[in-house]
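Here the structure comes first, spelled out in structure tokens, and everything after it is commentary.
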Amino acid sequence: MTDDATVPRLEAKSGITKASLPDPFFACLHRALSAYRGCAHGCAYCDGRAERYYVDGVFDRDVAARFNVAEAIGRDADRGFASLEEGAIGVGSGVTDVYQPLEARLALTRASLERMADTGQGIVILTKNTLILRDFDVLSRFRNALVMVTVTTLDTRLAALLEPGASSPAERLAVVESARKAGFRSGVMAMPLCPGLSAERESADRLFAACRDSGAQFIQPGGLTLRPGRQKEHFMTALSGYRPDLLPLYGDLFSENRASGMPKTGNRETEKMTRWFRVLDESGMPTKIPHSIYREHLSLPDAVFVLLCHMADLYGTRGVSTARLRASLDRYAEWLAAERTALRRKRIRPCPTDPFPLTRELTGRLVSLASEDSARREKPAVSGPDISRAKSLDDILDNERLSLFLGDVILNGAVFDYPTLSLSVSP
Ligand code: SF4
């Protein structure tokens, strides 16, 4: 590894976050701090430019590095942050790419991975750069690895505008192919699909077909968000030099200047995005990290949480009312976070025969709650379910149909297939 006095330095105070709930986007419980801040890939749509992330200087030029990141990660790993509970470690974020060009010289991400590889955890990693191929040897030391690659268009001219510093779309799809050949799980984040550019039928159809050919196990499409301020200004400037005819469309879509960056509701572009979900569903391609993948690297209680989050999104995209499901999700999240906090206070230590003691305890509780359901249903109904004294899954979810469904997942190992929204029990 080469230190470099010309690179702005940041201090990593902690290396692995200690979350009480898993991240449904990455399907991981733990998150590792990125080695960089700012990103030389310089994507025109990058959220990292938004004021809310407080990135100083020119976002794609003044990239800062945390030279001590591997040390901080190692310290947290040794303290048990990632060893008491089973749950993959997520690497990557929407505001920096851990494999941006500087990594070729500094190898800080590689050093971080090396410190995490022996925690016994899985890894979930996201990038737009072929540099990740260099580290397949380290990734293969994790219990399992999910390599996610962002590809938003096959059009190289458009990619040069939207993602000027990243590897070409074809190179990124080759990473997916290589990851599958190496025995990793792999999928594509096809986001953002930009109106009038990459979100149009011909462009999206070609992209999805190429992702499928590369061996992608899922394709997650997503729309563009533009937060008012630096992010929106940068994108509109780039667009004006490439397709000025689209400026009125974008001006209208983002005329409400929402803090979240979301376009105005009820616009035709959102309807188009719904169509992409339908096209992928009909072709049997999952539009999120599939349950069959993350159940292998998350604990059962955390996998149930991610499943509920994904179900709420999947049914919502299909126009089904999800108010009841979301209420149950909130109740489950409350139960899971409270149980985890209580178990962490006990300061249980791992040992060679019991490497994830907290996970074992938490899973045991969930299994006994699910087992209790059928017996509880034969008794008179309880009034006003109380999560703090829950004796069955019904008490937590307050939704008998859902608890029956989850009983199959928890007790029988059933897997939920996203394209068909159906359960199947593994042979
Ligand atoms: S690769 Fe990600 S973090 Fe880097 S500029 Fe592009 S969107 Fe931003």
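Just a few scattered comments:
To keep it simple, each residue is scored yes or no on (1) surrounded by 20 or more Cβ atoms within 10 Å (Cβ to Cβ); (2) β-branched (Val, Ile, Thr); (3) within 30 Å of residue 5 (Cβ to Cβ).
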position: 73; (1), (2), (3): yes, yes, yes
position: 115; (1), (2), (3): yes, no, yes
position: 121; (1), (2), (3): yes, no, no
position: 137; (1), (2), (3): no, no, yes
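- Single residue of the stretch 74-94 satisfying the filter (within 16 Å of the ligand (Cβ to nearest atom) and not aliphatic (A, V, I, L, M)) that is modelled with the lowest pLDDT: 94
- If only residues of the stretch 141-183 that are surrounded by fewer than 22 Cβ atoms within 10 Å (Cβ to Cβ) and among the acidic types (Asp, Glu) are counted, the one that is nearest to the ligand (Cβ to nearest atom) is 171.
- The criterion of being more than 16 Å from the ligand (Cβ to nearest atom), closer than 21 Å to residue 125 by Cα, assigned by TED's automatic domain parsing to the domain that holds residue 156 and at pLDDT 90 or above holds for residue 71.
- Test: residue in the stretch 255-262 that is within 27 Å of residue 180 (Cα to Cα), under 24 Å from the mean Cα position of the chain (by Cα) and not in a helix (DSSP H, G or I): no
- Scanning the stretch 5-58 for residues that are within 16 Å of the ligand (Cβ to nearest atom) and either on the phi < 0 side of the Ramachandran plot or small (Gly, Ala, Ser) (or both) yields a count of 30.
- Meets criteria (at pLDDT below 95 and in a loop (DSSP other than H, G, I, E, B)) for residue 270: no
- Residue match in the stretch 111-127 (condition: within 16 Å of the ligand (Cβ to nearest atom), over 18 Å from residue 12 (Cβ atoms), outside any loop (DSSP other than H, G, I, E, B) and not aliphatic (A, V, I, L, M)): yes
- Tabulated pairs, the stretch 142-169, first within 22 Å of residue 123 (Cα to Cα), second in a loop (DSSP other than H, G, I, E, B) and aromatic (Phe, Trp, Tyr), C-beta under 7 angstrom, 6+ apart or interchain: 145/184; 146/184; 147/184
- Some residue of the stretch 114-121 being of a type in the set (A, V, I, L, M) and at pLDDT 95 or above: no
The values are calculated or read from the model by the stated rules, or taken from the named source; none is laboratory data. All values reported here derive from a predicted model rather than from experimental measurement. Here the Cβ is made from the backbone with ideal geometry for all residues, glycine too, and neighbour counts use every protein chain on show.
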